[in-house]
Each structure stands twice: as C-alpha cells, then as structure tokens.
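The values are calculated or read from the model by the stated rules, or taken from the named source; none is laboratory data. All values reported here derive from a predicted model rather than from experimental measurement. All Cβ positions, glycine included, derive from the backbone under ideal geometry; neighbour counts span all protein chains shown.
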Amino acid sequence: MRSLNIFATLAALASFFLCTTGSFAAMNGTTDAGLYHLDLQLEPAHPIVGSNGGIMIVTDARSNRKIDDALIEVIPWMTIHGHGSPKKPSIKKAGDGRYVVSDLFYTMEGDWDLMITIQQNGAKDTAIFTVSNVKKK
C-alpha cells in the first residue's frame with residue numbers, strides 16, 4: 001500500500017513539473033491595435049542558442065475567425081544588446097489559422113523579443129512576445 005502512495009505522489013509531482021515546464025514557451029496575446037489574437041508555441045519548449053521553430057495561430061480578435069491569408073513577419077531581437085539575428089525566420093501557411101515558423105535563430109543566451117507584424121486586407125498590426133532565458137544546448 002505504501003508503494004502505491006509513493007507512486008501516486010511521484011506521478012503527481014511529474015505531472016506538475018511537466019505541465020509547468022511544458023508551458024514555458026507557450027505565449028498568447030492580442031496585437032497592439034487589438035486586431036488579432038496570437039497563440040505561439042515554440043519548439044523546443046525551452047529555446048536554445050541556434051535554430052528553433054514553432055507554430056503560430058492567428059485569430060481575428062473581433063470575429064474569433066481563424067486567419068489563413070495573413071502576411072506575417074517575425075524578427076528576433078535582443079533588446080538588451082540592440083541587435084537581431086543574422087537569419088530571417090521563414091513563415092509558412094499551414095491552414096486553419098496556423099503558420100509554421102522555422103529558422104528562428106538566436107545567436108546568444110539571454111532574453112529575446114519576437115517582433116511580430118501581421119498584415120491582412122490592408123490592415124497592419126504588431127505584437128512583441130518575449131522569449132526568456134534562451135540557453136546553450
């Protein structure tokens with residue numbers, strides 16, 4: 001019986017740590033002018049120096065409709081040092097409001113801002129998400 005209690009405790013602890021660390025790179029928010037809602041899941045969950053990626057879901061903030069025809073730009077920027085990344089991330093449409101972000105390249109450890117621009121049907125809006133604590137692999 002005691003081993004079952006220990007197992008249950010260990011399982012609960014593992015679940016807690018997986019949930020808290022697994023959500024590290026999940027970010028969401030509304031763009032500056034309130035036009036779009038963005039959900040961003042970075043891969044790997046703990047971004048590393050070098051190449052990273054992710055999935056971004058773009059939703060119209062007023063109608064809650066998924067946006068499939070937006071032009072998206074993501075610029076990694078290390079604000080504290082005043083520099084960006086030497087590589088331009090690639091953004092590919094994946095349907096149902098999803099966009100695959102690849103070649104998200106961090107050159108050094110620290111906090112990075114992702115400066116995001118969304119354009120659709122003549123409307124343009126921006127957002128900044130902070131990726132904290134990028135580490136070497």
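Summary table
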item	result
Strands (runs of 3 or more DSSP E) contained in region 20-87 and holding at least 2 residues without any contact (Cβ under 8 Å) to a residue 24 or more places away in the chain and closer than 23 Å to Gln119 by Cα	26-30, 36-43
Residues located in region 14-42, provided they are surrounded by fewer than 17 Cβ atoms within 10 Å (Cβ to Cβ) and modelled with pLDDT under 95	Ala14, Ser15, Phe16, Phe17, Leu18, Cys19, Thr20, Thr21, Gly22, Ser23, Phe24, Ala26
Meets criteria (in a strand (DSSP E or B), in contact with a strand residue (DSSP E or B) (Cβ under 8 Å, 6 or more places away or on another chain), of a type outside the set (Asp, Glu) and surrounded by fewer than 14 Cβ atoms within 10 Å (Cβ to Cβ)) for Ala94	yes
Subset tally (residues that are more than 24 Å from Glu109 (Cβ to Cβ) and surrounded by 12 or more Cβ atoms within 10 Å (Cβ to Cβ)) for region 56-91	12
